[in-house]
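Enquirer: Have a look at the structure that comes next, please.
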Amino acid sequence: MTEPTDKAAPITFDDFLKVDIRAGTIVEVEPFPEARKPAFKLKIDFGPAIGVKKSSAQITKHYGLDELVGRQVVAVVNIPPRQIGRFMSEVLTLGFPDEEGEVVLSAIERKVPNGGRLY
């Protein structure tokens, strides 16, 4: 994943509202050995209005399969689906790079309802 080296251009509040960032709970995790970079296949429950969506996440460095189910994550849910091999990733799970560029998931401090929107 390419990281921006400079600060992004300013946006308006209306631009921010176009990005639909929601809380969801990981309900299923599978290895994704056919991915070019090490990754997991996630199924994330975003509540009744959005449902369960799939995401490919390059988070294998810091997370194991057994510790992800039940964890709440943050994802962009209105991004176009992306074909990754034979897997269709429907949402973009968000995180930050550590010192070595490995993904650390964005954390939710306290449990919130699935589907809650970031504002």
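The values are calculated or read from the model by the stated rules, or taken from the named source; none is laboratory data. Bear in mind that the values here come from a model prediction, so they are computed numbers and not experimental data. Here Cβ is always computed from backbone atoms with ideal geometry, including for glycine, and neighbour counts include all displayed protein chains. Note: areas computed on protein heavy atoms with side chains; ligands, DNA, RNA excluded. Shrake-Rupley method; radii C 1.70, N 1.55, O 1.52, S 1.80 Å.
Enquirer: Is there a residue being at pLDDT below 95 and among the basic types (Lys, Arg) anywhere in segment 86-94? Write out each step before concluding.
Expert: Going residue by residue through segment 86-94, those that are at pLDDT below 95 are 86.
Still in the running and among the basic types (Lys, Arg): 86.
Yes - at least one qualifying residue is present in segment 86-94.
Enquirer: In segment 101-119, what residues are in contact with a Leu (Cβ under 9 Å, 6 or more places away or on another chain) and at pLDDT below 95?
Expert: Tyr119
Enquirer: Also, quick follow-up: For segment 1-53, give me each residue that is part of a loop (DSSP other than H, G, I, E, B), charged (D, E, K, R) and in contact with a Gly (Cβ under 6 Å, 6 or more places away or on another chain).
Expert: Glu34
Enquirer: Further question: Does Arg71 count as touching a strand residue (DSSP E or B) at 6+ places or on another chain (Cβ under 9 Å), closer than 16 Å to Ser56 by Cα, open to solvent by 50 Å² or more (accessible area, probe 1.4 Å) and not aliphatic (A, V, I, L, M)?
Expert: Against the criterion (touching a strand residue (DSSP E or B) at 6+ places or on another chain (Cβ under 9 Å), closer than 16 Å to Ser56 by Cα, open to solvent by 50 Å² or more (accessible area, probe 1.4 Å) and not aliphatic (A, V, I, L, M)), Arg71 qualifies.
Enquirer: What about Gly51, is it small (Gly, Ala, Ser), open to solvent by less than 50 Å² (accessible area, probe 1.4 Å), under 25 Å from Asp15 (Cα atoms) and touching a residue at least 24 places away in the same chain (Cβ under 8 Å)? Give the derivation first.
Expert: Numbers: small (Gly, Ala, Ser): yes; open to solvent by less than 50 Å² (accessible area, probe 1.4 Å): yes; under 25 Å from Asp15 (Cα atoms): yes; touching a residue at least 24 places away in the same chain (Cβ under 8 Å): no.
It is false that Gly51 is small (Gly, Ala, Ser), open to solvent by less than 50 Å² (accessible area, probe 1.4 Å), under 25 Å from Asp15 (Cα atoms) and touching a residue at least 24 places away in the same chain (Cβ under 8 Å).
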